[in-house]
Amino acid sequence: MTTLTGKTALVTGASRGIGRAIAFALAKQGAQVLVHYGSAQKEADEVVNGIRSAGGRAEKVGADLSVPNGAHELARQVRQIVGDRLDILVANAGVSKAAPIEEMTTEDFDKLFAVNVRAPYFLVQQLLPALTQGSSIIFTSSLAARAAVGNISAYAATKGAISTLVKQFASLLGGRGIRVNAIAPGVVETDMSNFAKTDAGRDFTLGMQALKRVAQPEDIAGAAVFLASDSARWVTGDVLSVDGGSKL
Ligand code: NAD
């Protein structure tokens, strides 16, 4: 028996980066994982196959979360697979856009809020019939929600909205026994933060961190496993910094 044996989990944006690492980590602890992807079906297949060949259980589910009914479509597919019980929802998919205030466009601003805020909100709404006593919702906030780092003000605002939703949803859903938390990574070396691969990006990152190395996706996954597990049964409404001590 592992900590998540018998549980079902959905991880959005699980074809790569942090979502991929979380999908593998949840599966390793025994959860059946629904690996969501936007357009990268081949990469999602690789994650599903990787989980299965390690003895775990996984299925892929595809939906574009930038369109208004994207979360509804994803929830429909998920409920077809899990029925009326989803134990773990990791709303991880997200987009970023670095731009000075003067250069931000309304199109980019709207897309940031569509994928990073609207989709997680309506995913919870649409999955509510399957979320039940003991279910754990894990949003993905960011260091950017609590500190000014780089030219990412619009992106940071989406993550601020997520940190607010954590408290609202935790309060509203606590009576049903559903916990709601977020993880807030600092800089993690993924396609989203590929500046961390440059010398300047590395110096910038290490300059604001207590721990002096650049985080990898696997450094974030353990926190998601914890929040999904019974070890976190008394933790709700919290945003857990997983950032190597950034901007202390
Ligand atoms: P990533 O770009 O590697 O992965 C993002 C994932 O979201 C991908 O799987 C992508 O397919 C999915 N996605 C994006 N747009 C989508 C859409 N329209 N429809 C469906 N799926 C879509 O980035 P990552 O670093 O792994 O980021 C994962 C989460 O962590 C994001 O919410 C991000 O904001 C957050 N985060 C990342 C960092 C970092 O430094 N990398 C720091 C703090 C928070």
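Legend: translational diffusion of the stretch 75-145 by Stokes-Einstein, Rh = Kirkwood radius over C-alpha pairs, 25 °C, 0.890 mPa s; D = 178 µm²/s. For the chain, the solvent-accessible area of protein heavy atoms averages 47 Å² per residue (probe radius 1.4 Å; ligands and nucleic acids excluded).
Taking θ as phi - 60° and the Karplus parameters 6.51, -1.76 and 1.60, the scalar couplings of the stretch 55-67 work out to x, x, 10, 7, 9, 9, 9, x, 6, 7, 8, 8, 9 Hz in sequence order, x denoting glycine and proline. Leaving out ligands, DNA and RNA, and with a 1.4 Å probe, what % of the accessible surface on the stretch 120-248 is carbon or sulfur? Carbon and sulfur atoms account for 54 percent of the accessible area of the stretch 120-248.
Summarising the amide proton neighbourhood of A93: residues at separation of 5 or more, or on other chains, whose placed amide H is nearer than 5 Å comprise T12, G13. By DSSP, the beta bridges lying fully in the chain are antiparallel in about 5 percent of cases. Straight-distance candidates among the lysines for linking to K7, with alpha-carbon spacing under 27 Å and chain neighbours fewer than 8 residues away dropped: K28, K42, K60, K167.
Distance distribution note for the chain: the fraction of Cα pairs above 25 angstrom is 38%. Among residues other than T236 with Cβ under 12 Å from its Cβ, the summed charge is +3 (Lys and Arg +1, Asp and Glu -1).
The 3J(HN,Hα) values that the Karplus relation (6.51, -1.76, 1.60; θ = phi - 60°) gives for the stretch 74-89 are, in residue order, 5, 4, 4, 5, 4, 5, 5, 8, 8, x, 9, 9, 10, 8, 9, 10 Hz. Gly and Pro appear as x. Give me, ordered by chain and number, the residues 5 or more places off V61 or on other chains with an amide H under 5 Å from its own placed amide H. Correct list: V35, H36, Y37. Translational diffusion coefficient of the stretch 160-248 (Stokes-Einstein, Kirkwood radius from Cα pairs, 20 °C, 1.002 mPa s): 150 µm²/s.
Note on the stretch 197-248 and the stretch 93-156: Cα centroid distance 17 Å, given to the nearest whole angstrom. Here the peptides 54-64, 181-191 are ranked by packing, the mean other Cβ count within 10 Å, and the order with the highest first is 181-191, 54-64.
The values are calculated or read from the model by the stated rules, or taken from the named source; none is laboratory data. Just so you know, these numbers come straight off a predicted model, no measurement behind them. Here the Cβ is made from the backbone with ideal geometry for all residues, glycine too, and neighbour counts use every protein chain on show. Note: areas computed on protein heavy atoms with side chains; ligands, DNA, RNA excluded. Shrake-Rupley method; radii C 1.70, N 1.55, O 1.52, S 1.80 Å.
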